[in-house]
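Participant: Please read through the structure below; I'll follow up with questions.
Each value in this text was obtained by applying a stated rule to the coordinates, not by laboratory testing. As the structure is a computational prediction, the values presented were derived from the model and not from experiment. Note: ideal-geometry Cβ built from the backbone for every residue, glycine included; neighbour counts use all protein chains shown.
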Amino acid sequence: MTFFTKIYESWRKIQYEKYEVILENLGLYGLELNNKYIFDVGSSKGFLHDFLEERGIKPRVFVAMDVDKEAIRKNRTSLKVVGMGEALPFKREIFDVIFCIDVLHLLKRKIDIEPLKNGGILIISLPKRYEHKMNAEVERLTNNGCKLLSLFEINGQEEEKVAIMMRE
Ligand SMILES: C[S@@+](CC[C@H](N)C(=O)[O-])C[C@H]1O[C@@H](n2cnc3c(N)ncnc32)[C@H](O)[C@@H]1O
């Protein structure tokens, strides 16, 4: 078990707090996760998958991806892949929703949104201290066929900034 995978378990509660607020905000836009094709970039051990399962949310397909093989091995998601957020292993427009939670600041290049369907939703969430990275990525995506639906803060145990964007 890598050091990161081991200590990350203690972070589960903090992540669930963020997912809860993100879910509420998706609801405000009438955005549903049930029956959707969902992709979790930088999924780590699969907290998001476990959270949705605990809430009784049933995506049609949920794919988890992480660059860390150990984290993917521990992830309970049935569809999982080792890969990089900068070059996703899916080229067609497949997914209704892509989650990129606390990963953007770790990518060497920009996130690849190729696998997101037209009208699909991208959720980027980052600790507030990386706000400048979030703002730059939102601007880049806005200039590259995405519309910003919502930008908000979560003032929980970790201060977080979240962007909900739609591919047009
Ligand atoms: C802070 S954790 C966030 C995990 C998860 N998204 C969550 O909601 O708890 C960051 C994860 O991003 C992964 N990661 C780092 N660089 C990556 C890359 N280039 N592509 C995909 N995943 C990456 C790490 O291995 C780690 O599991």
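Participant: Students often check this: by mean Cβ neighbours within 10 Å, which of 137-149, 99-111 ranks highest, and how do the rest follow?
Facilitator: By packing density, highest mean first, the sequence is 99-111, 137-149.
Participant: Further question on the same structure: Over the chain, what is the relative contact order in percent, taking alpha-carbon pairs closer than 8 angstrom and at least six residues apart?
Facilitator: 19 percent
Participant: Return the ratio Rg/(2.2 N^0.38 Å) for the stretch 50-103, where Rg is computed over Cα atoms only.
Facilitator: Compared with the compact-globule rule of thumb, the stretch 50-103 sits at 1.17.
Participant: Looking at the stretch 31-168, what % of its DSSP beta bridges pair antiparallel, to the nearest 5?
Facilitator: Approximately 45 percent, going by the DSSP bridge assignments.
Participant: Got a sec? Charge dipole of the chain, +1 on Cβ for Lys and Arg, -1 for Asp and Glu; which of Tyr8, Ser150, Pro115 is way out at the positive end?
Facilitator: Pro115
Participant: For the pairs Lys74/Lys147; Lys58/Lys133; Lys18/Lys133; Lys91/Lys128, flag any whose C-alpha to C-alpha distance is greater than 29 Å.
Facilitator: Checking Cα-Cα distances, Lys74/Lys147; Lys58/Lys133; Lys91/Lys128 exceed 29 Å.
Participant: Here's something else I'd like to know. Could you work out [θ]222 nm for the chain from helices alone, using -39500 (n - 2.57) per DSSP H run of at least four and dividing by all its residues? Round to the nearest 500 deg cm²/dmol.
Facilitator: Only helices count here, giving -8500 deg cm²/dmol.
Participant: Rule-of-thumb check for the stretch 71-159: C-alpha Rg over 2.2 N^0.38 Å?
Facilitator: Against the compact-globule rule of thumb, the ratio is 1.13.
Participant: With charges only on Cβ, +1 for K and R and -1 for D and E, what is the dipole size of the chain about its Cα centre, in debye, rounded to 20?
Facilitator: About 500 debye.
Participant: How far is the Cα center of the stretch 22-40 from the Cα center of the stretch 96-168, in Å?
Facilitator: Distance between centres, Cα-based: 14 Å.
Participant: Let me ask you something else. Out of the GluC sites (Glu not before Pro) in the stretch 1-99, which ones are loop residues according to DSSP with at most 16 other C-beta atoms within 10 Å?
Facilitator: Answer by residue number: Glu32, Glu86, Glu93.
Participant: Considering only DSSP states other than H, G, I, E and B, which chymotrypsin sites (Phe, Trp or Tyr not before Pro) in the stretch 5-47 qualify as loop sites with at most 14 other Cβ atoms within 10 Å?
Facilitator: When the chymotrypsin sites (Phe, Trp or Tyr not before Pro) of the stretch 5-47 are filtered for loop state and at most 14 Cβ neighbours within 10 Å, Tyr29 remain.
Participant: Let me ask something else about it. For labels at Leu151 and Glu131 in the simple 7 Å Cα→Cβ model, what's the distance in nm?
Facilitator: 1.1 nm
Participant: Further question: Stokes-Einstein D for the chain at 10 °C, 1.306 mPa s, Kirkwood Rh over Cα pairs, in µm²/s?
Facilitator: Estimated via Stokes-Einstein, D reaches 100 µm²/s.
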